[in-house]
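The values are calculated or read from the model by the stated rules, or taken from the named source; none is laboratory data. Bear in mind that the values here come from a model prediction, so they are computed numbers and not experimental data. Here Cβ is always computed from backbone atoms with ideal geometry, including for glycine, and neighbour counts include all displayed protein chains.
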Ligand SMILES: [Zn+2]
């Protein structure tokens, strides 16, 4: 799909039992497509190994038997080929294995997962062409998290769920719920949000379920288009074998779900595409912002070893600590509240606050 001068080609593999090995044939036969990529951050390479492992099993009918008869799977095992070839022991020192791994950025130091909107790199231009050609129902981006130690194995976050076409939100939420239930049934802790501290490394301020701007895969495709875009983040403190097994389980579960529900997702997204063409001339909600949590706590409980410090409120707070303590490290448990999103005020100021004085003078 793209040629890098130093590292060689960036390749994609088309996997299906439908015989539709081109985008034209898939479109002609109205087949849903799932596009899955590993190694956009090449040090987080679980997706490449797990992808090949899962596809071998699916093709041998050892997992998700018969699923490939009803949809087309496009797999890009390594998106950041340059980074993948820059191999070393300490490229991700806070990640438990593999012993050596690739590098986050490309040879020209571009982070591909910040390039979806500006498309500076030949890799991203090729990926956008691939996305346009295949028009997938589900776009899966396989990563490993950084940061503090939590107990979950994997976080699966999807758009459109918080933003984008609101009529797609129920189906998006149901997708994540079903996926996480399937992963939990195999002994993993799977969460439907990406836990990050409100303030850098200061765990005492709580954890937010934040949105990211449209430069990253999930939001660029899930909000700016009607594709279901899933960010899969295994947890860097789990060992490599565990992470690859969990990523494999996610891929097999998604393969089963694509076979069962891909066609109806495709129909719903095409209806959303029609709605999008009718937006011209209307006032539309431009963005959303996080608001402080209210209402009763949900049942989500997540222990972390990061902090026993007391809870302090922040405006984007998504969590609080409880008196329950983790059985192994005795740190407090985090209790999560569901994030609630509110439309922005009618007038949006684009002026950065610290520059307002300049405009006055
Ligand atoms: Zn990543």
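Of all the residues in region 123-149, those that are assigned to a helix (DSSP H, G or I) and either buried (at least 16 other Cβ atoms within 10 Å of the Cβ) or within 13 Å of the ligand (Cβ to nearest atom) (or both) number 8. Determine if region 7-19 includes at least one residue that is touching a residue at least 40 places away in the same chain (Cβ under 8 Å), within 19 Å of the chain's Cα centre (by Cα) and farther than 21 Å from residue 256 by Cβ. Checked region 7-19: no residue is touching a residue at least 40 places away in the same chain (Cβ under 8 Å), within 19 Å of the chain's Cα centre (by Cα) and farther than 21 Å from residue 256 by Cβ. Taken as a whole, the condition of being in the same structural domain as residue 263 (by TED's automatic domain parsing), closer than 24 Å to residue 250 by Cβ, touching a residue at least 12 places away in the same chain (Cβ under 8 Å) and in contact with a strand residue (DSSP E or B) (Cβ under 9 Å, 6 or more places away or on another chain) does not apply to residue 125. Among the residues of region 108-122, the ones that are free of Cβ contacts under 8 Å to residues at least 24 places away in the same chain and outside any loop (DSSP other than H, G, I, E, B) come to 0 in all.
You will find that of 71, 79, 110, 87, the residue that is closer than 16 Å to residue 7 by Cβ and buried (at least 23 other Cβ atoms within 10 Å of the Cβ) is 79 and no other. Being within 15 Å of the ligand (Cβ to nearest atom), within 28 Å of residue 28 (Cβ to Cβ) and modelled with pLDDT of 75 or more: is that true of residue 217 here? Considered against the rule, which asks whether it is within 15 Å of the ligand (Cβ to nearest atom), within 28 Å of residue 28 (Cβ to Cβ) and modelled with pLDDT of 75 or more, residue 217 comes out as yes.
Strands (runs of 3 or more DSSP E) fully within region 1-92 that include at least 2 residues being under 24 Å from residue 264 (Cβ atoms), touching a strand residue (DSSP E or B) at 6+ places or on another chain (Cβ under 8 Å) and away from the ligand (no atom under 16 Å from the Cβ): 13-15, 33-38, 72-76.
In region 153-174, what residues are within 18 Å of residue 221 (Cα to Cα) and touching a helix residue (DSSP H, G or I) at 6+ places or on another chain (Cβ under 7 Å)? Residues satisfying the conditions are 156, 157, 158, 159, 160, 161, 164, 165, 167, 168, 171. Can you say whether residue 80 is at pLDDT 90 or above and touching a helix residue (DSSP H, G or I) at 6+ places or on another chain (Cβ under 7 Å), as far as the supplied structure shows? The answer is yes for residue 80.
Among the residues in region 99-107, are any part of a loop (DSSP other than H, G, I, E, B), free of Cβ contacts under 8 Å to residues at least 12 places away in the same chain and more than 13 Å from the ligand (Cβ to nearest atom)? Yes: region 99-107 contains one or more residues that are part of a loop (DSSP other than H, G, I, E, B), free of Cβ contacts under 8 Å to residues at least 12 places away in the same chain and more than 13 Å from the ligand (Cβ to nearest atom).
Residues checked against (1) modelled with pLDDT under 50; (2) closer than 22 Å to residue 42 by Cα; (3) assigned to a loop (DSSP other than H, G, I, E, B):
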position	(1), (2), (3)
221	no, yes, no
254	no, no, no
264	no, no, no
295	yes, no, yes
322	no, no, no
